[in-house]
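A short worksheet on the structure shown next.
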Amino acid sequence: LDSHECQQEILAPIRKSFHFPFSTSGHEFTRVQSVYNSELTGKYLEKRKEMKSSGYPDALLADNFAFIAIEHPSTVAKLCKDGIRCGNQQF
């Protein structure tokens, strides 16, 4: 958590993403884990390519990042394997 990369590239955007700035004082970050799955990344890039060829504007194709507070390590393993689900969509 003390590395420059963690402070600048991960924790700073997380803190800026709070809807209410004072909310940051109510959270303590004890661990950060970056997730990468080559299979899901390939599917993502293919879908993005399809959307671009279908005429979707660049604004909708821009990369966005999600920060998820997770309490149990088993949840991280599941996210790495299966991706994130929201309703009937898989991300």
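FYI, it's all coordinate maths here, none of it is from the lab. In this text the structure is predicted, and so the values were computed from the model without any measurement. Note that we place each Cβ from the backbone using ideal geometry, even for glycine, and neighbour counts take in every protein chain shown.
For the chain, the Kirkwood estimate of hydrodynamic radius, built from reciprocal distances between every pair of different alpha carbons, is 15.6 Å. Cβ crowding within 10 Å ranks 58, 82 as 58, 82, fewest other Cβ atoms first. Helix 38-53 axis versus longest C-alpha principal axis of the chain: approximately 50°, rounded to the nearest ten.
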